[in-house]
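What follows is a single structure, written as structure tokens, with notes after it.
The values are calculated or read from the model by the stated rules, or taken from the named source; none is laboratory data. No experiment lies behind these values; they were computed from the predicted model shown. Neighbour counts run over all protein chains shown; Cβ positions are idealised from the backbone, glycine included. Side chains included, ligands, DNA and RNA excluded: accessible areas come from the protein's heavy atoms. Shrake-Rupley method; radii C 1.70, N 1.55, O 1.52, S 1.80 Å.
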Amino acid sequence: MNDRKEIIRMSGIVKKFNVGAENELEILHGIDLTVYEGEFVAVVGESGSGKSTLMNIIGVLDRPTEGRYILDGIDISTMHDKELSKIRCDKIGFVFQTFNLIPRTTALKNVELPMMYAGHSGSSRTKRAKELLQTVGMGERMTHRPNELSGGQKQRVAIARAMANDPAMILADEPTGALDSKTGRLVMDLFHQLHEQQGKTIVLITHSEQLASECERIITISDGMIIGERKGGGARSAHL
């Protein structure tokens, strides 16, 4: 494991809110976390455990109060907002429970959007977006808008969008939370496919031990601290 490239290295990550005020609150208490290239890792914890705060820092959506975070070889701890925005665009593919698709545009244009922000040409964006939608089984629905798609179809579009800039990591936050069990199974199978066939590094944030058990490694967070780490089955469950 140690000879693999590090995608995430966190050292002593502390997150406080209302710093210096009477109601100062420390949510993360010195997190150390390493994720290697090609791993499928679950971060599991109950509501209030700090996993959402940790996810925001992993995804460069928020900054740690203390500690050091190196993402794919880049120390993001001292970067400016504009630099962080570029890193989010280039290095991380996001998949959220709520899909976060733009409602007034097609599936194809939704997948193209990160590539537009990254400065890719129109023709190359369209070509790759079509290929990605085919990969996730949405080739015949690429001209549909989100309100014309089911929840599972929206999430597959979101996964294609997450892959648009060939990121170092896919960060999935409760990706099956808004789906029924059958549709959720299809979405998890798609993550396994990306991991097994394309070697993608995937970090899954979840409260579900059952989902976590499908990952290679399971990190448990409670009260803002990592309290356990164990191997997962790495196998797909029959049900979600």
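Helix content alone sets the calculated 222 nm mean residue ellipticity of the chain: runs of n ≥ 4 DSSP H residues at -39500 (n - 2.57) each, divided across all residues, give -10000 deg cm²/dmol. The alpha carbon gyration tensor of the range 80-136 gives principal lengths a ≥ b ≥ c with a/c of 1.5 or higher and a/b no greater than b/c, which makes the shape oblate. Using only the Cα atoms of the range 109-180, each taken as one equal point scatterer with no solvent, compute I(q) by the Debye sum, divide by I(0), and report log10 of the ratio at q = 0.13, 0.21 Å⁻¹. Rounded to two decimals, the profile gives -0.36, -0.90.
Extent of the chain along its three principal axes (Cα atoms, max minus min coordinate, largest first): 52, 42, 40 Å.
For the range 53-163, the Kirkwood estimate of hydrodynamic radius, built from reciprocal distances between every pair of different alpha carbons, is 15.0 Å. Taking 8 Å as the Cα distance limit and 6 or more residues as the minimum spacing, I'd like the relative contact order of the range 49-179 as a percentage. Relative contact order for the range 49-179 comes out at 34 percent.
On the accessible surface of the chain, probed at 1.4 Å, how many percent belong to carbon and sulfur atoms? All intermediate terms of the calculation are to be shown ahead of the outcome.
Details: 5450 of 11530 Å².
Solvent-exposed carbon and sulfur of the chain make up 47 percent of the total.
Using the per-residue mean of other Cβ atoms lying within 10 Å as a proxy for protection, in what order, highest first, do the peptides 134-143, 43-52 fall? Working shown, then result.
On the way: 134-143: 16.1, 43-52: 18.5.
Packing proxy ranking, top to bottom: 43-52, 134-143.
Any idea of the accessible area per residue across the chain, 1.4 Å probe, to the nearest Å²?
Values: 11530 Å² over 240 residues.
Solvent-accessible surface per residue comes out at 48 Å².
Remark: relative contact order (the chain) = 27 percent; criterion is Cα-Cα distance under 8 angstrom and separation of 6 or more residues.
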